[in-house]
Amino acid sequence: MDQTTFRHELAQQLRVDSVRASDAAGSGHPTSSMSAADLMACLLDGHLRLDFTRPDDPRNDHLVFSKGHASPLLYSCFKAVGAVDDAELLTFRAFGSRLQGHPTPVLPWVDVATGSLGQGLPVGVGLALAARRLDRLPYRVWVLCGDGEMAEGSTWEALEHAGHEQLDNLVALIDVNRLGQTGETMHGWNLESYAARAQAAGWRTVEIDGHDLAQIEAALERADEPDGRPLAIIAATKKGRGVAAVEDQLGAHGKPLKDPREAIAELGGVRDLRVSPTAPTGDSTRHTFTAAGGQLPTFDPGEQLATRKAYGQVLEALGNRRGDVIALDGEVSNSTFSELFRDAHPERYFEMFISEQQMVAAAIGLQARGWRPFLSTFAAFLTRAYDFIRMAAVSEADFCVAGSHAGVAIGEDGPSQMGLEDLAMFRAVHGSTVLYPCDANQTAQLVAAVADRPGISYLRTNRGATPVRYGPDEEFPIGGSKVLREGSDVTLIGAGVTVPEAVSAAEALATEGIEARVIDLYSVKPVDTGTLRRAAEETGAIVTAEDHWGAGGLGEAVLGGLAEHGVPAPVHSLAVRDLPGSGTPAELLQQAGIDAEAIAAAARKALAG
């Protein structure tokens, strides 16, 4: 058959298989899949340069389904290229199947998990940045977007950043099928509205009938003519295309078809066509960066230094030692001190501006290509990006986030700048590591440790200078803690800025004949349950103090660690309970009831029964 006929038949096969897979599962989104079938048939047949038998080939193009609910279409594409067979296709959404309800990297041809809308294009920006600036290979990144998700602010962060970076290796296929879950999308079939905004962000655009194979082909050919601008193919389509009962009809979203046999017959029946995507060509050697080597910085005990500055110095040194380490920042690099890395390693530094969602998404894409990202911004601003962090864990992504300016200890800036939720946020992330160092040498060791740690690591850093407490030869294993002072009457537990407060409280209690054990619980997750258990068994009570809201932070980490071992112990948790305002750090620590005086008072009260 000729190419046009083949592509039409292939598109119909993709529709039929989307219907069949959703019917077998009893759930799914076949109509959202059917609208984009023509786009995908043309992309597979001649434009996608991807060797499915060698998913790790560094020359491969990357395909991201931002509209992850259209997974039946993606899996039907995998069947059409021979990556999965028909039997596996029909395990869609079944327990234990690789073909989950939304795509995840359990499949080797899926770079990242999608399904939370508005994330695929931002991640695609990260993949395209890796191709252009790090790998320095000519692979392209294709992202299938739904029109409904174009309402997400993160999508426009991606459009702006891709345009700014002139990522002409990035192509967005926007499936404008007009209908969302409950009604018409904001702009319906007004393709010009999408095009105008993309053009304003520096994109080339082409508006087409997404069911006209000739128009699709002409649009895809534009990707072969890069001009320094990313390409948006804005395609008017119909949801449920090809089946009269659901085509362009409300109420059919997210449901298998009521009469799949009739629908399959209307689409021309089951087919078993195979398509061979174009194999990538050229040199497969990825660029690498020379690492000069060197030692991590060390700091003299008694020196006053903010842990955020120590983070920047250590990150710069890691860049000297490892060519795979990269850094991203949200336009606060002179506060997080990632500027030290930027100045030393400009080719591996990414300024993400004030777009925290895009920053995390870019890191997800960059790490998918084997790079090791370190992200930094104020702890408070990470709340904006939390859904991306959550989905990064679903993608089993590996990177470190440093949140500076945390807690009331930042002082005069006031509550809008005080990260008071960050420990709870990151503790809740699957497989995460949460660290809160109190001095510069501890920071140095922990930053180096997370460079090889799987999963998402979070490092909380302080704004203000604190004394270097530990010597440069001290070791701080993740999951450990430090007993700074022995005592048998009560245990005082702090982390970060509350460690010196706990030490001062113990010194005050000692003058009263109360011997307090002091623990620096720098590893908030995983927590040192062994040390906690001994403290509970050997002292009369435990007092925790944290510069964080009471929910989800240090105190609850201690309680969880004790509960894990079934150790009953009276735990008194001091945390920020009332909304703070502006003031000096000392004033705000006192107001929150987490300074040395408050810790000592809590210890006395606990011992009094």
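Since every read-out is calculated from the coordinates, none of them should be taken as a lab result. Quick caveat, the model's predicted, so the values are computed rather than measured. Glycine also receives a Cβ, built like all others from the backbone with ideal geometry; neighbour counts cover every protein chain displayed.
What is the order of TRP156, TRP142, fewest Cβ neighbours within 10 Å to most? If you can, show how the numbers build up before the last one.
Numbers: TRP156 19, TRP142 27.
By the 10 Å Cβ count, ascending: TRP156, TRP142.
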Subject >> Overall form of the stretch 545-594 per C-alpha gyration tensor (a/c, 1.5; a/b vs b/c) >> reply: prolate
Subject >> Cα convex hull of the chain - mean projected area over all directions, nm² >> reply: 28.6
Original post:
Which whole-Hz couplings ³J(HN,Hα) result when phi for each residue of the stretch 160-173 is put into the Karplus expression 6.51 cos²θ - 1.76 cosθ + 1.60, θ = phi - 60°, listed in order with x for Gly and Pro?
Top reply: 5, 5, 4, x, 4, 7, 6, 7, 7, 9, 10, 10, 9, 9
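For the stretch 167-226, what is one quarter of the convex hull surface built on the Cα atoms, given in nm²? Provide the component values of the computation, followed by the final result.
Working: hull surface 18.3 nm².
It is 4.6 nm².
Provide the three semi-axes, in whole Å and in decreasing order, of the ellipsoid equivalent to the stretch 355-396 as defined by the square roots of 5 times the Cα gyration tensor eigenvalues. Before the final figure, lay out each step's value.
Numbers: eigenvalues 58, 27, 12 Å².
Ellipsoid semi-axes (Å, largest first): 17, 12, 8.
Which number comes out as Rg/Rh for the stretch 3-266 once both Rg and the Kirkwood Rh are worked out on C-alpha atoms? Before the final figure, lay out each step's value.
Working: Rg = 17.0 Å, Rh = 18.1 Å.
Dividing the radius of gyration by the Kirkwood radius yields 0.94.
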Original post:
Whole-Å semi-axes of the stretch 9-79's equivalent ellipsoid, largest first, each the root of 5 times a Cα gyration tensor eigenvalue?
Top reply: 22, 13, 10
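Taking only DSSP H segments of four or more residues, each worth -39500 (n - 2.57), what value at 222 nm results for the chain once the sum is divided by all its residues, to the nearest 500 deg cm²/dmol? Intermediate results must be reported in sequence, preceding the final value.
Numbers: 22 runs with 218 residues, N = 609.
Calculated at 222 nm, the ellipticity per residue is -10500 deg cm²/dmol.
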Original post:
Can you list residues whose amide H is under 5 Å from ASN462's amide H, if they're 5+ apart or on another chain and H is modeled 1.01 Å from N?
Top reply: THR307, ARG308
Subject >> For the stretch 339-350, Karplus couplings with θ = phi - 60° (6.51, -1.76, 1.60), whole Hz, Gly/Pro x >> reply: 4, 5, 5, 4, 6, 7, 9, x, 6, 10, 10, 10
Original post:
Residues with amide H under 5 Å of GLY414's amide H, sequence separation 5 or more or different chain, H placed in the peptide plane at 1.01 Å from N; which?
Top reply: GLY583
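Tell me the trypsin sites (Lys or Arg not before Pro) within the stretch 68-137 that lie in a loop according to DSSP and have at most 14 other beta-carbon atoms within 10 Å.
Numbers: sites: LYS79, ARG93, ARG98, ARG132, ARG133, ARG136; in loops: ARG93, ARG98, ARG136.
For trypsin sites (Lys or Arg not before Pro) across the stretch 68-137 that sit outside H, G, I, E and B with at most 14 neighbouring Cβ atoms in 10 Å, the list reads ARG136.
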**OP:** With a/c under 1.5 counting as rounded, go ahead and sort the stretch 240-394 into rounded, prolate or oblate using the C-alpha gyration tensor (a ≥ b ≥ c being the square roots of the eigenvalues; past the cut-off, prolate if a/b is larger than b/c, else oblate).
**Re:** prolate
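Convert 10 °C to kelvin, take the viscosity as 1.306 mPa s, use the Kirkwood radius over C-alpha pairs of the stretch 71-159 as Rh, and evaluate the Stokes-Einstein diffusion coefficient in µm²/s, rounded to a whole number.
It diffuses with D of about 110 µm²/s by this estimate.
Exposure proxy check: SER66, SER22 ranked by fewest other beta carbons within 10 Å?
Going from least to most buried by this count: SER22, SER66.
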Original post:
So how long is each side of the stretch 304-467 along the principal axes, counting just the alpha-carbon atoms, biggest first, in Å?
Top reply: 40, 32, 26
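Counting other Cβ atoms within 10 Å of each Cβ, which GluC sites (Glu not before Pro) in the stretch 430-537 have at most 15 and sit in a DSSP loop?
Taking the stretch 430-537 and a limit of 15 other Cβ atoms within 10 Å, the loop GluC sites (Glu not before Pro) found are GLU474, GLU475, GLU486, GLU512, GLU515.
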**OP:** Check each of the GluC sites (Glu not before Pro) in the stretch 337-419 and keep only those in coil by DSSP with at most 13 other C-beta atoms within 10 angstrom; list them in order.
**Re:** GLU412
Original post:
By the gyration tensor of its Cα atoms, with a ≥ b ≥ c the square roots of the eigenvalues, what is the shape of the stretch 434-479: rounded for a/c under 1.5, prolate for a/b over b/c, or oblate?
Top reply: oblate
Subject >> For the stretch 482-608, convex hull of alpha carbons as volume per residue, Å³ >> reply: 92
Subject >> Per-residue ³J(HN,Hα) for the stretch 47-58, Karplus 6.51 cos²θ - 1.76 cosθ + 1.60, θ = phi - 60°, Hz, x for Gly and Pro >> reply: 10, 6, 9, 8, 8, 5, 7, 10, x, 8, 4, x
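Give me HIS405, HIS8 ranked fewest to most by other Cβ atoms within 10 Å of their Cβ, as a rough exposure proxy. Each step should come with its number before you reach the end.
Numbers: HIS405 25, HIS8 17.
Going from least to most buried by this count: HIS8, HIS405.
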Subject >> Placed amide H near THR185: partners under 5 Å, 5+ positions off or other chain >> reply: LEU179, GLY180
